[in-house]
Every structure is written in C-alpha cells, then in structure tokens.
Amino acid sequence: MSDIFISYSSKDRPWVERFAKMLGTYGWSIWWDRNIPTGESFNAVIRHELRTARCAIVVWSQQSVDSEWVQAEADEARKQDKYLPVRIDQSEIPLGFTQRTFQSLLDWDPDVDHPGFSQLLKDIERLVKSPPQRIEIGSRPWWKRVHPLWLVSLPTLLAATIVVGLMLWPISAQVRVELTTKRVEFEIGATSQGKTTLGGFEARSLTIEKFTTLIFEPETFEVADPSQYDEKKDAFPPSAWKPLTSAGSTVTLAAKDQTRHPRVTVEGLDGAAQATIHLDAMAVKQQAHVTMEARGGKNDGLTVKVAGQDGLSLSLHEPFKLIADHAELRDLPNSSFQENDELTYRATLPERSSWIEIASASDGLILSPTFASSQLATSIFSGIPVATLDFTRQDSAGERVGALTDKGTITFPGYQHLGNVSIDKDDAIGLEQLDEFTIKEITLAANGSGLHLVGIGMAKQIRTKTGQIPIAYRLTKFDDLWHNARLALFFTIVAAVFTTSLGAYRLWKEFNR
C-alpha cells in the first residue's frame, strides 16, 4: 500500500520523476512507475495500487488530457474521494473533471517555494493522515563525501592552486627611477592637497606660445617706440617709452593669428647677462598632460607643454619686459605702433595682483624658460605627482624611439631581491599604472645632455623596449609572500596540519570500521 498514487502520461515522465522524488523527501511512499511484475495483469496491478493508495494525484497536461488511461484513473480516484488534480501546462482539463479545484504547477521548481505546491502538501497530509517529514538528501558534510586519500593529498593540491593564484596576482611595488632624458611626458596624478603645482624657478627669460590671451592689471604699463631702438646698446632710450594705461586698468594681450605662431617673451628690466626673473609655482589640475623637453645650444633651457586645462597663472613680483610677436592689445586706445608685428612693453604689477592669467590654445600651452649658466645642474621642478611616465620621442620617420641620453637605473626599495634594472640609452621606456608616484626632482644637466629625473612611488608595470622586444618587470603577490619567510612558513604549517590531520582521522575511521 502506498501513500500516494500518481496518474500521468508517459510523455510527461521527466517532469513526473522530479515531482515524485520531491514528494519522496517528505517521507511518503509513492507509486508512480508503470513497471508491472512479469505475469501480472497490467489492469489488475493499477486497480490494486489505486484502491490501496491513500490519495491519487492526477497530472493534467497536453498529453494526459487525451489519455484514456489517465481519464479512467482520474474517474476512479474521484469515486474513491482521493482525487487531487494538478495542471503543469495551459491545456484544458477534460470536461468531466472541471468540477473540482486543481493546483497549478506551471512554473513549479523543486528548489523554490511555490504556493500551489505548498497547498498540495496540505491536501496530501489531509488524505494521508500523516504529516510531512522532510528528509534531506545528500546533506553529509563534504569531508565525509571525499575519499580520505584525497584529503591526505589536499595540502599539495591546495598549495599548488594558491601558488598559481599568487603568481597571477600583480601588486604595486615601490620603484625608484633615475635617468637622463631629452624628453619626458607625464599625466598629473592625484594629490591630497587637491591641486598640483609646477614649482617656481628663476629664469633669464620665459617665452609663452600657444596662448589665446594674457590678462593682467598693471600698476604701470608702457610701450616702446620701435623706431627709437638702439641696436648698438640693444635697448630703448628713455624717450622711447610711451604710457598706455593708468593704475588699476586691465590689460589683455591677445594672439593675432595662430598660424603665424604668436609668442610673448618675459624678461627682467635689468639687461645684465646673469639677471633673472622669479616665477612662482604654477597650478595644474589632475589628468593634465605635461611634456618637458630639454633645449641645448646658445639658450640652455627647456620647453614645457601643458595640455588638458584652460590655462595657467604666472606670478611676477619685480618689474618686467614683454616682447610680443604677432600679438595685439585689446580694450585700449590704439597707438601708432599697433601695426607692428613685434612690440616691446614694460610693466610693473602691484603686490595685491601680481598675476598674469594665460588662456591656453586648444592644443595646449607652451612655456620655454631660458636659464643662466649658473642655474644649470640645479633642481627646476620637484614634488610632482604623476599617473603615467613616458620617455620616448618621435623620430624623423614618425616612429616612437627612446629619448634617453644616458643609461638609467630602476631599483625596488624594499625588494632588494629583484636587483636593479639597467636602462640602456636606446631603450624606449614607460611606467604604467602608477600609484602615489612622485617626481622628486627634475634637473637641467649642466653639460646639455638633457633632463635628469628622479622619481619614486608604486608601479604595477614597467615596460622597456630593446629593439622590437618588449620586456615587462612586474611584482606579484607570490614574490611578496616568498620573501617573507615567517609568513610563508606559518601559512604552510597551517595548511598542511589541518588537511593532513583531517585525512588521517578519516583513514583511522576507515581502518577501524
């Protein structure tokens, strides 16, 4: 005698098999298979099982509604008052069986709570007179389902898996870069102060290119009559200077035509060879791109290009001279000299407003300071946070090649086992995925060989290129763990003792069974 008889079409067997197994987990006995013992009457066995079952579940579907057997079994179950219909698709229940309510199991899933199935369990309990007792299948702990020999070998497998994972887990390593280059390009990184400054410096002169306007409020502002220029003295006589504004007026010096390469050169009023002007630090924003390139020859200096921001502010405290090529004054009375392509101005800025606001052209602002010979081999810029570094240049054929002018080195503070990376003069080198990386110092080399740069910080990847072969220097978590002897030993002991003890216990239980 079974608790539950299931009537169904053989075409629905996959669904019914899952359904029957799920009901079996509640402790009820179920007859649902069509396997009839040899020699037994098919009709007699079904009649016996249906008569002795405490309830009969009829599975209505597109296949079963046309089955004479299912309809006959449903009719007999209804007569015995043990009929529990369920529907598993959208098919119509035969007309003679529509007077009874049914449970819809269209979207039933054994692993998800279902209101129709929950109500069916209550109906089964009512007819069977036995509450469901959920029997969990396959609930043994994993260590009881695993062969003990596997547990003994688990330390080796676990160690191998962990080692492979650690070898594939890149970490940032602090690196120190020291080299000399003709050109360096970097992206400004994040800083805790909220802004980054390119440090102030002393210069003989500063040329400004790729600008749209220069705006300032001078205390005094004069223009020199170009016809009175004294070539022998390389200067203008006092009579050549003509006042243009009164104190507090705003001066706007604008580029006439970018195709004619307008530029403005700032110099001190003192014409001595070693005379300098002092520029305060210039603020640049995060993610701006800065390119620095050394200039040798008669006017030692460098070119600084700032792209990715609208402009810069220069702070000058002493009187200065402006030599403007292809630039014009705006919002001021025209003078008789405005048609000249080159004019010389001199100005004094008040202490309260010593700034010159420079608006950048769309492709980036260019500053070109020139230094006195006594200033060479001294630090020009320092403390610049960067997100990327690139030491390459474009050759005459348009190819990217190395910009180094001498050999360089990369060291790994804290990871002496990695040794030093020697950078060849012809290598194209770049540092990527930088974190808290700072250019500590940029110095214009005294021998004109380029820019000497020292930087330190975290880098996940360093790439060099010797010929056409890229070489990546990368630190992984495995390197970090491997060279921390105490941590590696502790980890090995814990893994080995735990898994070996568990395997030994299981083996002991097997041998004493």
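Brief remarks on what is shown
- Region 166-191, residues that are β-branched (Val, Ile, Thr) and buried (at least 23 other Cβ atoms within 10 Å of the Cβ): Val175, Val177, Thr181, Val184, Ile188
- Taking first residues from region 302-315 that are within 17 Å of Glu267 (Cα to Cα) and in contact (Cβ under 8 Å) with a residue 12 or more places away in the chain and partners that are of a type in the set (D, E, K, R) and in a strand (DSSP E or B), the Cβ contacts under 8 Å between residues at least 6 apart in sequence or on separate chains come to Leu302/Glu293; Leu302/Arg295; Thr303/Glu293; Thr303/Arg295; Ser313/Glu357.
- Residue in region 209-230 that is over 25 Å from Thr438 (Cβ atoms), of a type in the set (S, T, N, Q) and without any contact (Cβ under 8 Å) to a residue 60 or more places away in the chain present: yes
- Evaluated against (1) modelled with pLDDT of 90 or more; (2) over 26 Å from Val223 (Cβ atoms); (3) among the polar types (S, T, N, Q), Gln274 falls short on exactly one condition, (1).
- Spans of strands (runs of 3 or more DSSP E) in region 158-233 with at least 3 residues closer than 30 Å to Ser249 by Cα and of a type in the set (Val, Ile, Thr): 211-216
- Lone qualifier among Ile429, Ile462, Ile439, Ile469 - being surrounded by fewer than 18 Cβ atoms within 10 Å (Cβ to Cβ) and either within 28 Å of the chain's Cα centre (by Cα) or modelled with pLDDT of 75 or more (or both): Ile469
- Selection within region 1-21 - touching a residue at least 24 places away in the same chain (Cβ under 8 Å) and crowded, with 16+ Cβ neighbours inside 10 Å: Ser2, Asp3, Ile4, Phe5, Ile6, Ser7, Tyr8, Ser9, Asp12, Trp15, Val16, Phe19
The values are calculated or read from the model by the stated rules, or taken from the named source; none is laboratory data. Here the structure is a predicted model, which is why all the values come from computation and not from measurement. Glycine also receives a Cβ, built like all others from the backbone with ideal geometry; neighbour counts cover every protein chain displayed.
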